[in-house]
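Let me begin by presenting the structure, written as structure tokens, before commenting on it.
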Amino acid sequence: DQQVKQNSPSLSVQEGRISILNCDYTNSMFDYFLWYKKYPAEGPTFLISISSIKDKNEDGRFTVFLNKSAKHLSLHIVPSQPGDSAVYFCAASPQTGANNLFFGTGTRLTVIP
Amino acid sequence: EAGVAQSPRYKIIEKRQSVAFWCNPISGHATLYWYQQILGQGPKLLIQFQNNGVVDDSQLPKDRFSAERLKGVDSTLKIQPAKLEDSAVYLCASSRNIAGGSYNEQFFGPGTRLTVL
């Protein structure tokens, strides 16, 4: 049962344009959401997060939006750069305090120079 | 600050053999996680330790998988006997103490890629 879903396996964007990666979740107990970035042969690295009490969090070129009623979040990258090419995983953590993460299947972003 | 260390980076074994993976978390991190990432899927939590105690092992196939963190620092994940479907990347992550209710960022190691033939 996939509780966190990323329905787009891949996305290609021109350098300088906006990249929008989407994520949906089904478990209403999730209250913290994260995006991780993964390069080949490396472990995932934390990118940006958002608590369920917020609807937007911004860090430089990266912004995450959360729509709790729709159980949907998105990651915006503006402007996109070739170094952003990687696999992006959406993850969610429940309210239990155990800190464990439920991951989506990932979206491979390719930024074309 | 040194990151999460894992070894080996790659392992190829035949089915029914046994294999072990090692993880050394970031110094001072009380919580350690093992994830399994099958090709085309996101990482799935297998087991979570807080110091040397198990917090969550509900997704660990206990008939063949075992893990320990005897001194509350480094950890070993073992598979015995391995099956073809165990082919995956095994990721170790660590975070600060999870007590207090706030989320603590997990830092991941590079993973061990296991191929079972």
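Computed from the alpha carbon positions, the gyration tensor of the protein assembly as shown leads to an equivalent ellipsoid with semi-axes of 29, 21, 16 Å, biggest first. Computed over the Cα atoms of chain B, pair by distinct pair, the Kirkwood hydrodynamic radius stands at 14.2 angstrom. Where q = 0.16, 0.31 Å⁻¹, what log10 of I(q)/I(0) comes from the Debye formula for the stretch B:17-68, counting one point per Cα? One equal scatterer on each Cα of the stretch B:17-68 leads to -0.52, -1.33.
With the biggest extent put first, the Cα atoms of chain A measure 43, 29, 21 Å across the principal axes. The mean count of C-beta atoms from other chains within 10 Å of the C-beta of residues in B:39-48, rounded to a whole number, is 5.
Using only protein heavy atoms and a 1.4 Å probe, how much accessible area in total is buried between B and A, to the nearest 100 Å²? Could you put the intermediate results ahead of the total?
Details: alone 6550 and 6160 Å², together 11150 Å².
By this definition, chains B and A bury close to 1600 Å².
Across the options B:Asn104, B:Trp22, B:Leu114, the greatest Cα extent toward the positive end of the charge dipole of chain B (unit charges at beta carbon of Lys, Arg, Asp, Glu) belongs to B:Leu114. Under the convention that each Lys and Arg Cβ holds +1 and each Asp and Glu Cβ holds -1, the size of the dipole of the protein assembly as shown around its Cα centre is about 360 debye. A simple spin-label model places the labels of B:Gln80 and B:Lys44 2.4 nm from each other, with each point 7 Å out along Cα-to-Cβ.
Rounded to the nearest 20, the size of the Cβ-charge dipole of the stretch A:41-113 about its Cα centre is 240 debye, with Lys and Arg at +1 and Asp and Glu at -1. Simple spin-label estimate for A:Ser12 and B:Ala2 gives 4.3 nm between the two label positions (7 Å along the Cα-to-Cβ direction from each Cα).
Under the convention that each Lys and Arg Cβ holds +1 and each Asp and Glu Cβ holds -1, the size of the dipole of chain B around its Cα centre is about 300 debye. Within the straight-line cut-off of under 27 Å between alpha carbons, the lysines reachable from A:Lys38 are A:Lys5, A:Lys54, A:Lys56, A:Lys68, A:Lys71, B:Lys11, B:Lys44, B:Lys78, B:Lys83, sequence neighbours fewer than 8 places apart in one chain being disregarded.
Highest mean first, the peptides B:64-70, A:32-38, A:68-74 sorted by other C-beta atoms within 10 Å per residue fall in the order A:32-38, B:64-70, A:68-74. For the stretch A:26-42, putting each phi into the Karplus relation 6.51 cos²θ - 1.76 cosθ + 1.60 with θ = phi - 60° gives couplings of 10, 8, 6, 7, 5, 10, 9, 10, 9, 10, 10, 10, 9, 8, x, 6, 10 Hz, in residue order, rounded to whole numbers and with x for Gly and Pro. Nonpolar atom fraction for the protein assembly as shown, defined as the carbon and sulfur part of the 1.4 Å probe accessible area, stands at 49 percent.
The values are calculated or read from the model by the stated rules, or taken from the named source; none is laboratory data. All values derive from a computational prediction rather than experimental measurement. Virtual Cβ from ideal backbone geometry, glycine too; neighbours counted across all protein chains shown. The protein model used for the area step is the full one, side chains on, heavy atoms only, and it has no ligands, DNA or RNA in it. Shrake-Rupley method; radii C 1.70, N 1.55, O 1.52, S 1.80 Å.
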